[in-house]
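J.: Questions regarding the structure given below will be posed in turn.
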Amino acid sequence: MGADMPDMTYPLLVEKRVMRKKSRLFRASLARGQRFAIEDAKPFISRLQSASYGVHCAKVDAVVKHAEDLVFEHLQRHPHTIVRMAVNLLKNIAEHTDVEISANKIDADIIRTSLNEISVAFSSARIVTVIDDNTFKRGSLVIKAHKSIVDAHIKTQVMKAKDLILLHTKEFADGSVD
C-alpha cells in the first residue's frame with residue numbers, strides 16, 4: 001500500500017467482530033423471544049386442543065348414535081339378521097356346551113322359529129334355550145354358556161368402538177401415538 005493510505009485492516013477486523021457479536025446477540029434475543037412466545041402460547045394452545053377434542057367427541061357421539069340407528073333400522077327391515085348374529089356368536093363357544101340366549105321378545109321369537117337353522121350350523125348335541133328379555137333393544141343378545149357370557153348388546157358393541165376411537169384420538173392428541 002501506498003504511504004498516503006492508512007492501514008484499514010484493524011478497523012475492518014473490529015467491525016467484523018462487532019457485527020458477529022451483534023449477530024449472536026440478535027439470534028440469542030430471538031431465541032429468548034421465541035421461548036417466551038412459546039411459553040405464553042401454551043395455555044392458549046392447551047385450550048384449543050381441549051376444545052378440538054371436545055368437538056371431536058361430539059362428532060364421534062353423533063356417528064355412534066347414527067350407527068346404532070342404522071343397525072336398528074336394518075333389523076326392522078331384515079329381522080332374520082338376528083339369527084345370523086346368533087350363529088356367528090355361537091361359533092365362539094365350545095360346541096358341546098349348552099347355551100342360553102337372551103333377547104328382546106321379537107328377536108327371541110325369530111330365533112325360536114329358526115332353532116333348526118341354528119342347530120344345522122353346528123354338528124354338536126348342543127341344547128339352545130331362548131329367553132325373552134324385554135329390557136333388551138332389538139338386535140341385542142346375551143349368550144350364556146358353561147363358563148362364558150357373550151354380551152352382544154348393540155349399545156355395548158357400539159360403545160366399545162367409540163371408546164377405542166376416543167382412546168386412540170386422545171393418545172394421538174397427547175403425542176403418545178406416531
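J.: Look at segment 83-121 and say how many of its residues are hydroxyl-bearing (Ser, Thr, Tyr) and in contact (Cβ under 8 Å) with a residue 40 or more places away in the chain. Write out each step before concluding.
T.: Step one: filter segment 83-121 for residues hydroxyl-bearing (Ser, Thr, Tyr), giving 97, 102, 113-114, 119.
This time we only want the ones that are in contact (Cβ under 8 Å) with a residue 40 or more places away in the chain, so: 97, 102.
Result for segment 83-121: 2.
J.: Let me ask something else about it. Being touching a helix residue (DSSP H, G or I) at 6+ places or on another chain (Cβ under 8 Å) and either at pLDDT below 85 or exposed (fewer than 10 other Cβ atoms within 10 Å of the Cβ) (or both) is the requirement here; does Leu12 meet it? Talk me through it step by step, then tell me what you get.
T.: Values: touching a helix residue (DSSP H, G or I) at 6+ places or on another chain (Cβ under 8 Å): no; either at pLDDT below 85 or exposed (fewer than 10 other Cβ atoms within 10 Å of the Cβ) (or both): yes.
The answer is no for Leu12.
J.: So which of Val142, Val158, Val83 is under 32 Å from the mean Cα position of the chain (by Cα) and in a strand (DSSP E or B)? Can you show your working first?
T.: Numbers: Val158 fails: in a strand (DSSP E or B); Val83 fails: in a strand (DSSP E or B).
Only one candidate passes the filter, namely Val142.
J.: Sort through Asp109, Asp98, Asp69 and tell me the only one that's acidic (Asp, Glu), modelled with pLDDT under 85 and at negative phi. Spell out how you get there, then give the answer.
T.: Values: Asp109 fails: modelled with pLDDT under 85; Asp69 fails: modelled with pLDDT under 85.
None of the others qualify; the one that does is Asp98.
J.: Going residue by residue through segment 132-146, is there one that turns out to be touching a Leu at 6+ places or on another chain (Cβ under 7 Å), basic (Lys, Arg) and surrounded by 15 or more Cβ atoms within 10 Å (Cβ to Cβ)? Break it down stepwise before answering.
T.: So the first thing to find is which residues in segment 132-146 are touching a Leu at 6+ places or on another chain (Cβ under 7 Å), and the list is 138-139, 141, 143.
Subset that is basic (Lys, Arg): 138.
Next, only the ones that are surrounded by 15 or more Cβ atoms within 10 Å (Cβ to Cβ) stay: 138.
Checked segment 132-146: at least one residue is touching a Leu at 6+ places or on another chain (Cβ under 7 Å), basic (Lys, Arg) and surrounded by 15 or more Cβ atoms within 10 Å (Cβ to Cβ).
The values are calculated or read from the model by the stated rules, or taken from the named source; none is laboratory data. Being a predicted model, the structure only gives us computed values, none of them experimental. FYI the Cβ positions are ideal-geometry reconstructions off the backbone, even for glycines, and counts take in every protein chain you see.
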